[in-house]
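Read-outs throughout are calculated quantities, based only on the coordinates presented, and are distinct from any laboratory measurement. Note that the structure is a prediction, hence the values are computed from the model and not measured. Reconstructed Cβ throughout: ideal geometry from the backbone, glycine too, with neighbour counts over all protein chains shown.
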Amino acid sequence: MVQYSSPGLDASFAALSDATRRGVLQQLGRQEASITTLAGLFDMTLTGMSKHVGVLEMAGLVVTEKVGRVRTCRLGVRRLEQEAQWIEAYRQMWETRFDALDGVVEDLKRKEKTDGAR
Amino acid sequence: MERDETGGKHRTVAERRSDRELVVRRTFDAPPRLVFKAWTTPELLQRWWAPRSSGARLVDCQLDVRAGGAYRFVFGLQDGRSMAFFGKYLEVVPDARIVWTNEESDEGAVSTLTLEEQDGRTLLVLSELYPTKEAADRSIEGMEEGMPEQFEQLDELLPSLG
């Protein structure tokens with residue numbers, strides 16, 4: 001049963017601990033699909049696939065949308081948002097260094113000018 | 001959080017170019033040879049790699065900047081711990097390109113620095129290529145824990161160092 005209510009990465013990792021769910025993510029990475037299609041691809045019952053998709057949905061890895069009688073699944077945004085935050089932290093680390101490097105390079109430029117004037 | 005040009009600073013741009021590769025770019029108002037010098041001279045490197053305001057100080061710094069040469073920095077942190085970075089240079093083209101390994105961990109990246117002259121300025125591109133996607137993921141995740149507030153404070157202090 002679905003039992004992953006903790007937010008964040010823990011839920012993501014728990015959701016990813018299952019081979020079928022990882023396969024579903026790979027499949028959705030290629031293109032969105034209905035639960036019926038996924039159930040067919042993974043040779044499962046609709047109920048079984050719905051449970052897997054439910055776990056992925058709670059982890060924020062998949063979003064679903066029901067149109068008429070068809071529930072369509074695609075990759076969720078959480079993973080991408082987190083990655084964007086990570087990249088921003090990385091960028092800030094280098095920005096900090098490079099701003100300091102600017103100061104060092106300016107000193108070198110000044111020194112060269114002074115030395116050249118002698 | 002884009003920094004604008006009001007401070008006269010150039011923007012630092014970072015992107016994940018592929019599963020395994022992180023890339024940072026930045027322009028400097030100086031020719032490549034000065035940026036190269038600041039990158040390869042221990043006393044200069046110390047001033048920007050871990051700025052004074054970070055509380056870290058360089059307790060050991062050895063750079064043998066040539067292909068096959070080794071480097072090792074040891075930083076002493078405020079809480080008494082120290083942090084070592086080491087590896088070796090794979091390729092060195094003066095004023096233009098340095099490639100080195102990062103051997104602190106089994107899954108360290110290979111870093112490539114290129115300095116390209118553009119109208120008297122330098123376009124710096126630093127690429128870090130990890131052995132696997134997972135290693136790149138872990139490296140970025142670790143960063144998120146270590147950086148945020150600390151570095152925001154640092155950001156505010158830095159202009160006074162320039």
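Key figures
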| item | result |
| --- | --- |
| Mean Cα-pair separation over length for region B:1-141, i.e. relative contact order, pairs under 8 Å, 6 or more apart, % | 24 percent |
| Within-9-Å neighbourhood charge of A:Val53 [Cβ basis; K, R +1; D, E -1] | +2 |
| Extension gain, B:Glu104 back to B:Glu117 (0.36 nm per residue minus Cα-Cα distance, nm) | 1.5 nm |
| Anisotropy class of region B:24-106 from Cα gyration tensor, a/c 1.5 cut | oblate |
| Residues in region A:27-52 reached by a label modelled at A:Arg69 [backbone nitrogen below 20 Å; 7 Å Cα→Cβ] | A:33-41, A:44-51 |
| Förster radius 25 Å - calculated FRET efficiency between B:Thr41 and B:Ala84, Cβ distance, rounded to 0.05 | 0.80 |
| Per DSSP, loop trypsin sites (Lys or Arg not before Pro) in region B:40-142 with at most 16 further Cβ within 10 Å | B:Arg66, B:Arg81 |
| A:Glu112-A:Asp43 pseudo-label distance in nm [points 7 Å out on the Cα-to-Cβ vector] | 6.8 nm |
| Trypsin sites (Lys or Arg not before Pro) restricted to region A:24-88 and DSSP loop, no more than 10 other C-beta within 10 Å | A:Arg69 |
| Dipole magnitude (debye, nearest 20) for region A:9-76, charges at Cβ of Lys, Arg, Asp, Glu | 160 debye |
| Separation in nanometres of the label points that stand 7 Å from Cα toward Cβ, at B:Asp95 and B:Arg17 | 2.4 nm |
